[in-house]
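Report on the following structure.
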Amino acid sequence: MKKTIIITGANGNVGSYFAAQYLELGENLLLIIHEKDHRIIGLKKKYPKQIQIIKTDLIDLEALKKKLNKAIKETGWQPGRLIHTATKRSHDFKPLVDTDPEIWKQIVLMNLVGTFNILKSVIPYFRKNKYGKIVLFGSNVTRIGLPKGSAYSASKAGIANISRTLAAEEAKNNIIINTVSPGPIKIDDSQFSESYRKFREEYYNKNIRDIPLKRCASFEDILGLCKFLLSKENSYITGEEFFITGGKI
Ligand SMILES: NC(=O)c1ccc[n+]([C@@H]2O[C@H](COP(=O)([O-])OP(=O)(O)OC[C@H]3O[C@@H](n4cnc5c(N)ncnc54)[C@H](OP(=O)(O)O)[C@@H]3O)[C@@H](O)[C@H]2O)c1
């Protein structure tokens, strides 16, 4: 039986693109969304039998476990792969010393405790089947930092280290886990505030000058690597962090 894929941040830019691609391949998906669903509503209509949507806040461990369990029971699907794209971004763009401590905590809470919660909820199913493939999303900021984004860059580095640690802990259960760390991706930013769009534009323009391939990553650039990391062909690569940065170190 094909192992179901769980995608967090499924209504996000990357999450919804991945969902569409895997649906076309005939996969069954458990899609975890937070508040918005505008990017996956059409997919639910097009592929009603291949999608189960779970609306929850990753910060709430008990709610997450309960809803995941219910979805698995209702569908009878066997989860065996996880793509964790959900994230909270920096949105005040201030140097660390000027950053509101509450905003700092909220970003770290979602990006690290949220990651802990999804792994803690999903891994018991993988252990039971002695099979699991996991991709977490970091960012190239794990190696270059992010001026005016210290909470985001710190928490993304934490995610890469969670995967290194889990790779060692779960190897005996045939669970493989890696982090994919892209540089800037060309995304739909229409939902962002004007100030955040401006921050991103400046960041992109500066970055593109330094990228040897002179462009941002596309969704396709990222999908190929993730597909391989989650495939049966990958039985030995675990605990690694992969940078998708067009040659920028
Ligand atoms: N885009 C880039 O340029 C870029 C570059 C490097 C790395 N990355 C990484 O790639 C991944 C995907 O990026 P993206 O651009 O697709 O992000 P995105 O469009 O902002 O999607 C993030 C998703 O996370 C969800 N989320 C936020 N808080 C949540 C919570 N408490 N519980 C559950 N879900 C929550 C959001 O749902 P709601 O909107 O409903 O809150 C949203 O759908 C992220 O991990 C990001 O850090 C992105």
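Details
- At an R0 of 22 angstrom, the distance between the Cβ atoms of Arg164 and Leu213 translates into a FRET efficiency of 0.20.
- Chymotrypsin sites (Phe, Trp or Tyr not before Pro) within the stretch 185-249, DSSP loop, no more than 15 other Cβ atoms inside 10 Å: Phe192, Tyr236
- With the helix formula -39500 (n - 2.57) applied to DSSP H stretches of n ≥ 4, the chain reaches a computed 222 nm mean residue ellipticity of -14000 deg cm²/dmol.
- Reported to the nearest whole Å, the Cα centre-to-centre distance from the stretch 179-242 to the stretch 17-86 is 22.
- Net charge contributed by nearby residues that have their C-beta within less than 15 Å of Gly26 (K/R +1, D/E -1): +4
- Beta bridges per DSSP, both residues in the chain: antiparallel share near 0 percent.
- GluC sites (Glu not before Pro) within the stretch 188-243: DSSP coil, no more than 16 neighbouring Cβ in 10 Å: Glu233, Glu240
- By average C-beta atoms within 10 angstrom, highest first, the peptides 149-161, 45-57: 149-161, 45-57
- For the stretch 1-102, the list of GluC sites (Glu not before Pro) that fall in a loop by DSSP and count at most 12 other C-beta atoms within 10 angstrom reads Glu35.
Just so you know, all these numbers are worked out from the coordinates, no wet-lab data involved. Since the structure is predicted, the reported quantities are computational estimates derived from the model, not experimental observations. No Cβ is skipped: glycine too gets one built from the backbone with ideal geometry, and neighbour counts run over all protein chains shown.
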